Amino acid sequence: MNVLSVAAMYMDIEKINPASVHYNPASAHGVLVTGAGRLLFLGGQNGVDIAGNVVVGLRAQTDQALRNLLSVLGAGGGTPENVVKMTVYLVEGSDPEEAFAAASRVWGRRPTAMTVVMVSGLANPDFMIEIDAIAAMPA
């Protein structure tokens, strides 16, 4: 038995796709890994509402992306305090200060490890921001 198969015996992976977030058949909104420890991997969230509409403007997209992230986090049994790593992708030309100001209204003052990356584009040309995260969940 190799190490990978031994690890697989002690670990479960659950895909998280809450009904309150627009369904994307190409990816899971979150992946919950349980075993010796629990990690929740939250897939990249954009400013897409429940109906699948892209909201307009960086502030609105940031708000919606974070609301989607919080919904996936809650569906996985977590709270914002469980988030240990967040990555924010902003389309070049976007104002990071505008995104951070918008984020503070939804996310509040919850510091976590964070990476901000400026990119030339995202999966949809109307997307201005994408946010993913990793959460350490209680056992």
Open item on the list: If I filter the stretch 76-86 for residues that are part of a strand (DSSP E or B), in contact (Cβ under 8 Å) with a residue 40 or more places away in the chain and open to solvent by less than 20 Å² (accessible area, probe 1.4 Å), do I get at least one hit?
Closed with: yes
Task: Residues (without any contact (Cβ under 8 Å) to a residue 24 or more places away in the chain and over 24 Å from Val54 (Cα atoms)) located in the stretch 104-139 - done: Arg109, Pro111
- [ ] Check Ile13 against each of (1) touching a residue at least 24 places away in the same chain (Cβ under 8 Å); (2) open to solvent by 60 Å² or more (accessible area, probe 1.4 Å); (3) among the β-branched types (Val, Ile, Thr); (4) in contact with a strand residue (DSSP E or B) (Cβ under 6 Å, 6 or more places away or on another chain) and name the one condition it does not meet.
- [x] (1)
TODO: Taking the residues in the stretch 24-44 that are small (Gly, Ala, Ser) and out of contact with any strand residue (DSSP E or B) (no Cβ under 8 Å at 6 or more places or on another chain) as candidates, determine which candidate is farthest from Ala75 (Cα to Cα).
DONE: Ala36
Open item on the list: Of everything in the stretch 67-98, what is in contact with a Lys or Arg (Cβ under 8 Å, 6 or more places away or on another chain) and among the hydrophobic types (A, V, I, L, M, F, W, C)? Give them in sequence order.
Closed with: Val83
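Would you please name the residue that is farthest from the chain's Cα centre (by Cα), looking only at residues in the stretch 87-97 that are open to solvent by less than 60 Å² (accessible area, probe 1.4 Å) and more than 18 Å from Ala28 (Cβ to Cβ)?
Ranking the qualifying residues of the stretch 87-97, first place goes to Ser94.
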TODO: Look through Ala123, Ala139 and report the one residue that is out of contact with any Cys (no Cβ under 9 Å at 6 or more places or on another chain), within 19 Å of Leu40 (Cβ to Cβ), assigned to a loop (DSSP other than H, G, I, E, B) and of a type in the set (A, V, I, L, M, F, W, C).
DONE: Ala139
- [ ] Select from the stretch 37-72 the residues that are without any contact (Cβ under 8 Å) to a residue 40 or more places away in the chain and of a type in the set (D, E, K, R) and write down the one among them that is farthest from Ala139 (Cα to Cα).
- [x] Asp49
Open item on the list: Would you confirm whether or not the stretch 87-103 contains a residue that is modelled with pLDDT of 95 or more, part of a strand (DSSP E or B) and aromatic (Phe, Trp, Tyr)?
Closed with: yes
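The values are calculated or read from the model by the stated rules, or taken from the named source; none is laboratory data. Since we're looking at a predicted model, the values are computed, not measured. Because the Cβ atoms are built from the backbone with ideal geometry, glycine has one as well, and the counts that use them run over all protein chains shown. For the accessible areas, the whole protein counts, side chains as well, though only heavy atoms, and no ligand, DNA or RNA atoms are used. Shrake-Rupley method; radii C 1.70, N 1.55, O 1.52, S 1.80 Å.
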